[in-house]
């Protein structure tokens, strides 16, 4: 009887591992994606910028591809443009814009991608709108910096600091979207500026 029980347990573990493997592989596949005819035709002016450092091109490309495969299933929620500044320094912009919540998800995913082991340095900037989800009155219509602090242990959030150094934790769980902090985890720093003429290449993802 005990032998049969052990076999059942082993079988259950094998099935669980196979299912996990399938999910992990699907994160990297371009399945059930929207048709190219649904791509937006007009660019939308915005100031969202993500600076990613201490990674290589292969790692950042894989992370962005995974994000797009996950979030662009039914429509194009994110169309990141990757600018290669140097061997381990990259800037991501969004020529067609991106809603604020998906932007938070993007910053988080670049820091915590699936099946990629790296330690990136990431800062992102945007100007919030009062109509953005998760945005409260004291951080509406302000320049903000988004980031993941080095001591983060929750994994499903980003931190926000306004240009006048109001700090928030933007949690992804229901009811934890906008938590004001006594002090910001990081002081606000000005948005990165880079010289387009010195970049080596750009890659448009979809």
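Expressed as cubic angstrom per residue, what is the convex hull volume of the alpha carbon set of region 45-204?
Values: hull volume 19.1 nm³, N = 160.
Enclosed volume per residue, from the Cα hull, is 120 Å³.
Using Cβ counts within 10 Å as a stand-in for footprinting exposure, how do 155, 106 rank, fewest first? Each step should come with its number before you reach the end.
Numbers: 155 10, 106 26.
Arranged by neighbour count, lowest to highest, 155, 106 become 155, 106.
Note down the nm distance, to one decimal, between modelled labels 7 Å out along Cα→Cβ at residue 172 and at residue 45.
Those two pseudo-labels are separated by 3.3 nm.
Values in this text are rule-based calculations from the coordinates and carry no lab data. Quick caveat, the model's predicted, so the values are computed rather than measured. Glycine also receives a Cβ, built like all others from the backbone with ideal geometry; neighbour counts cover every protein chain displayed.
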